[in-house]
1. Among the helices (runs of 4 or more DSSP H) contained in the range 473-531, which hold 1 or more residues that are surrounded by 19 or more Cβ atoms within 10 Å (Cβ to Cβ) and at pLDDT 90 or above?
2. Any residue in the range 96-125 that is within 19 Å of K50 (Cα to Cα) sitting within a Cβ distance under 8 Å of a residue that is open to solvent by 90 Å² or more (accessible area, probe 1.4 Å) and at pLDDT 70 or above? List the pairs, counting only those 6 or more apart or interchain.
3. Take R261 and decide whether it is open to solvent by 30 Å² or more (accessible area, probe 1.4 Å) and in contact with a Leu (Cβ under 6 Å, 6 or more places away or on another chain).
4. Which residue pairs have Cβ atoms closer than 9 Å, lie 6 or more positions apart in sequence or on different chains, and pair a first residue in the range 391-406 that is under 17 Å from F291 (Cβ atoms) with a second residue that is open to solvent by 60 Å² or more (accessible area, probe 1.4 Å) and not in a helix (DSSP H, G or I)?
5. Inspect the range 361-368 for any residue being crowded, with 17+ Cβ neighbours inside 10 Å and either closer than 30 Å to S298 by Cβ or not basic (K, R) (or both) and give the result as yes or no.
6. Any idea how many residues of the range 161-190 are modelled with pLDDT of 70 or more and either open to solvent by 60 Å² or more (accessible area, probe 1.4 Å) or touching a Leu at 6+ places or on another chain (Cβ under 6 Å) (or both)?
7. Across the range 396-409, what is the total count of residues that are over 38 Å from the mean Cα position of the chain (by Cα) and among the small types (G, A, S)?
8. For M426, indicate whether it is more than 50 Å from the chain's Cα centre (by Cα) and either among the polar types (S, T, N, Q) or open to solvent by 20 Å² or more (accessible area, probe 1.4 Å) (or both).
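The values are calculated or read from the model by the stated rules, or taken from the named source; none is laboratory data. The shown structure was predicted, so the numbers you read here are calculated from the model rather than taken from an experiment. Ideal geometry is used to build each Cβ from the backbone, glycine not excepted, and the neighbour counts take in all protein chains shown. Remember, those area values only see protein heavy atoms, side chains included, never the ligands or the DNA or RNA. Shrake-Rupley method; radii C 1.70, N 1.55, O 1.52, S 1.80 Å.
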Amino acid sequence: MTEKSVRLVKQYSRQTRRLRFGYIIAFVVLIIMTISNFIVMNLMITNQDKINILTKSVDSQLHRFHRIDEIVLIVLRNVERRQMSATLAHQTQAELILLTAELNNIQKTIKLNFQDYDSFGLSLEDELGILFKEPYQLVNSVDDLITHLKDLTGEDFMLLNRRYSLWTPIILAMGSNSKISRGTQKLQSLLETKSEYNMKALSRVHHSLTIVSVMVIFLEIILIFFPLLNQLNHVHKKIVKNSEKLDYLATTDTLTSLGNRRMFEHTINAILQDSTLRYGISLTLLDLNDFKLINDTSGYIVGDHVLKVIAKRLKNNMPLNSHAFRLSGDEFVLIILSEKDCKFVNQLVTELIDKVFKPINYKNATLLISACAGITYNWINGGSHNIDDMLNNANLALRLAKSQGKGKIATYNDDEIINQKRRQKMSIALQQAIADHSVRAFYQPQFDLTTMQIVGVEALARWIHSDGHIISPNKFIPVIEEYNMQGVLLRHFLSQIKNHHDQLDKSGISITFSINITEKILIDKHAINYFLEILNSDHLPWLHLEILETAVIHRASVHIAENLDRFMQCGVKIALDDFGTGHASLKHLQNFPYDIIKIDKSFITDLNVDYRSNHIVEGIVKIAQGLKKAIVAEGVELESQKEFLRKLGANYGQGFLCSKAVEFDSLLTLLNRQKC
């Protein structure tokens, strides 16, 4: 994840926390408002409950007052008619006792719920206070009536003053204009007013709290949520935009703007899973020739420019229903969908390469670009539907094309790929053989033509197979070069040679060791740096590097010459191998750094047999002597060949006349003899 993405995610997280905090604040405020609303409403409801209890109590009291009034009137009527029997008196007495008891309880309830007069706007001095006094006086009068009720049946109780002394207070107390009636009516009116006021107040408080809650929520939305939501939306858009950019970067090669390996895999998977597809699918791997050389000699800026131009040309010239991707480095892959046969696709790829890989102008230089291509097909009726298999097949075809030369195109088929798979299998076995030290150095002596003393050896790689037989370098060196294993072999080989030299040096034997270096190694920065690191840490004047004459005319000959010059400055000697068989001119040889000329075996074999070979060898020897270069003649097998070379003034010979290439133990035996 990029730094910008991390920053946006942190910002989004920060805004989310703020929004969450805002929600918490809103929730807390709503809870407070709800609790406040509940408390106020509860208080109002409690107050209303008290009013309801008082109203009910007053109504109950008034009902009982009316009943007492009715009883008194019944008693009065019966007394006047002289119909007041003992039974009736007893029943009346019982009911009056019950009513007075209920009045006492109601009076207590009224008094209990009417403690706070101020809450009702009343005062003890108010005439309404009579409600707490007169009922008690009335009850006392009723008690007095109950006490004397049994006497109402006697004749002596018929006196008017006696009768009216009992119920007159009751009748007066229950009159419509009595204090109890007026107080009761006033209290009922007050309670109704208070109840109505209380309900209105309750409604106002409820509405007020609701309005305040809504306003608080509205303000939070305006002041907190909207700004935070806008910021979140802004950050979210940035994250989405950045995510789209990351997706683009994840699926696109930033240098060439072509799809990368991830996009290639996604595209080919989608195509292979499309059940409606009615096209044949072909994969073409393109690999630029000598692209590493361009990077090493001209720099990565030039190399990047070449890749950009190639990518642009590919996009502009790709046929319909086809896609181009850059897999890695200088390797491109093409997906071509076509209803036609393999031959048509092969021709299509050929034309595409001709259009794309034309010379590229960069500043004042013209770069010649070529590529090899490997093609594999996956048709509707058959073929592999596995991406790895298809890529592997295309890669095998590409290797086959590269082995045939620059600018070649190869198609995957069973006949041609059998050898390719065999080489691939051999490359795996070679990697293991190098790790197991099964690839060993064999040494062929180089001797003085005059004294026949061994002065040096050429180290030659031999692969000792697990079954014991020796595999010739002619079979595995091409595989080493094809799979770019030269660097690995060189490190392993040089380590062996250095170890063997140190053993000889301890024994007091001083000879030179020569190894062959390919052009690929001479333009490989890593191999060059490895060499220089060894040469700077260990002085190796005994080491000779043999290069082919073709290196002189290589397109990177200037770069190769610079590297060879750096080696010579470290004390290493350079030998031109197989001299006379290449295409180098004498002008090239004049300006190239080297110390030794090795005459090719083909000229030595024909000495004294073909006079032309005699003259050529004589000419080479004279050129070398004139340039003050040492001479080593390869393939010396006969005494007559040795004598001819000695008389010409050649310095050294190498061949079966002395010995074939042998292992180190056998070399020790030869060296102990001191002469061939």
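1. Result: 486-506.
2. If the second residue must be open to solvent by 90 Å² or more (accessible area, probe 1.4 Å) and at pLDDT 70 or above, the pairs left are N113/K50.
3. yes
4. Listed by first residue and then by second, the contacts come to A401/K408; K402/K408.
5. no
6. Final tally of qualifying residues: 2.
7. 3
8. No, not satisfied.
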